[in-house]
Each structure stands twice: as C-alpha cells, then as structure tokens.
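The structure under discussion appears below in the form of structure tokens.
The values are calculated or read from the model by the stated rules, or taken from the named source; none is laboratory data. Because the structure is a prediction, the values reported are computed rather than measured. As a convention, Cβ positions derive from the backbone with ideal geometry for all residues, glycine included, and neighbour counts pool all protein chains shown.
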Amino acid sequence: MPNAIVTGASRGLGLALARALAADGWRLTVDARTASDLEDAARELGRRTEVVAVAGDLADPGHRQALVRAAGHDIDLLVNNAGVLGPSPQPALADYPLDVLARVYAVNVLAPLGLIQLALPRLSRRATIINITSDAAVEAYPGWGGYGSGKAALDHLTATLAAERPDLRVFAADPGDLRTQMHQQAFPGEDITDRPLPETAVPGLLALIAGDHASGRYRVAAAAPAEVAG
C-alpha cells in the first residue's frame, strides 16, 4: 500500500486530493489546525483506506515530528498543501504588519521545509514531494506581496531541493484560483463562485504523482492527466 502525507487535508484542495488518493488505495497521514474538521475528514477517508489524523500547527516543530512519526517509514508522497493567507483583506506592503508576515513565512515557507527535512530519511526510493504554490509567486498582484513572496520563496526552495536531490521527484504545483475558504478570505464580501472547485486541480496533481514528469514547477489548474503544463 503506497504511503502519503497530505497537509491541510480537512477541506479544500487538500481534502479533494486526499479523497482521490484514498480511492486509489493510498495509506494517508493527514493534518489540519482544527481538530474537529480533521476528525470529520479522517472519518470520511477512513471508509476507503487506512488514515492517521494528527491535528496541529505545522509551524510547531513538535507537530511536524508527530506527523512524520505517524507516517512511519517508506513514505512515497509528501504534499505540502497547508498554508495561511495573512490579513484579510490583503494589505499593501507599505502597511503589512511584520509580525503577521513572519507568521505567513513560518507556515508557508519554513514549515514545509522543516517537514521535508524530517521526512527525507523516511522517504522511499524515487518518492515524490509536491509543494502547493500559487501564480502570486510569479505575478506581482497589488495586495498579494506577503503571500506571493512566501510562495516565491517556496518555489525556489522546491527548485533547489530538486537540484540537490535528483533521486527524488520534487514539484511545485500551481492549482490556480480555486473556490476555497482561503480564496474567499482574500476577497471578503465578494462572490467567488465563478472560480473552479478544488476537485478540478486533482487530475493534474495525480498526473504528477503517477507520471514520469521531471522535477519542476507545473500548473495543474483544471488539468487532465495529459495536460499538465510546465
């Protein structure tokens, strides 16, 4: 049974991917900050596969250690999906509180790297690491400087890890704008029902996991398996 860690798996893209992996017979170790939401997700996923749920904050080193211990050895897939937006609505950089920016970086940049560092000795041969990124990492949108710069840093960490570890498959995956709670927080009071549901990005992620794509940055928004774009 293939073995995966998926962070931020209580809702949105993380839960949509976890559902697809469960349907394919993956053993899952999942996390989220809100224990009750994670318990609900784990109960659903557990009807299809073996699931271990570990509630906590990825910025906490102790939580990262508990998550990796729960996954055991021979981890085939690590998906760093969990993240935080920052203030809502998004402020201009001139007004961005630095303590809040430090929190955004802690969760969106340092925590994924910290989890990877702990997981590396436990990864199976040719394991896959997927870091969920954003178009805000490469496009300068007013108001998105905090979140976007954090994702840009994550992109560079991903590319560097891929260069350092050619024995692994390391991806930055951009799912595009999705109809998620985080995206709604970025646009308070606005109607975002025109955005696609998280499930539309799952085929592209599964194509990266199951395919033979080289390590790199890929756009997986609403992608069919043969349409993952580099």
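Brief remarks follow.
- Count of region 16-47 residues, restricted to those that are closer than 28 Å to A102 by Cβ and either part of a helix (DSSP H, G or I) or polar (S, T, N, Q) (or both), is 6.
- Region 188-230, subset among the basic types (K, R) and under 22 Å from H156 (Cβ atoms), residue modelled with the highest pLDDT: R217
- Some residue of region 105-128 being in contact with a His (Cβ under 6 Å, 6 or more places away or on another chain) and assigned to a helix (DSSP H, G or I): yes
- Residues (touching a strand residue (DSSP E or B) at 6+ places or on another chain (Cβ under 9 Å) and among the hydrophobic types (A, V, I, L, M, F, W, C)) located in region 1-18: M1, A4, I5, V6, A9, L13, L15, L17, A18
- Of the residues V79, V84, the single one that is under 30 Å from A140 (Cβ atoms), hydrophobic (A, V, I, L, M, F, W, C) and assigned to a loop (DSSP other than H, G, I, E, B) is V84.
- Across region 48-60, the number of residues qualifying as part of a loop (DSSP other than H, G, I, E, B) and in contact with a helix residue (DSSP H, G or I) (Cβ under 8 Å, 6 or more places away or on another chain) comes to 6.
- Among the residues of region 19-42, those identified as in contact with a strand residue (DSSP E or B) (Cβ under 6 Å, 6 or more places away or on another chain) and within 18 Å of P112 (Cα to Cα) are L28, T29, V30, D31.
- Sub-8 Å Cβ pairs linking a first residue in region 15-40 that is touching a residue at least 24 places away in the same chain (Cβ under 8 Å) to a second residue that is acidic (D, E) and in a helix (DSSP H, G or I), at least 6 apart or interchain, are A16/E199; R19/E44, ordered by first then second residue.
- Pairing residues of region 88-103 that are in contact (Cβ under 8 Å) with a residue 12 or more places away in the chain and surrounded by 14 or more Cβ atoms within 10 Å (Cβ to Cβ) with residues that are aromatic (F, W, Y) and part of a helix (DSSP H, G or I), at Cβ distances under 8 Å and at least 6 apart in sequence or on separate chains, gives Q90/Y147.
- Of the listed requirements (1) under 17 Å from the mean Cα position of the chain (by Cα); (2) over 17 Å from V79 (Cα atoms), P166 misses just one: (1).
- Meets criteria (surrounded by fewer than 19 Cβ atoms within 10 Å (Cβ to Cβ) and either basic (K, R) or farther than 25 Å from A173 by Cα (or both)) for G56: no
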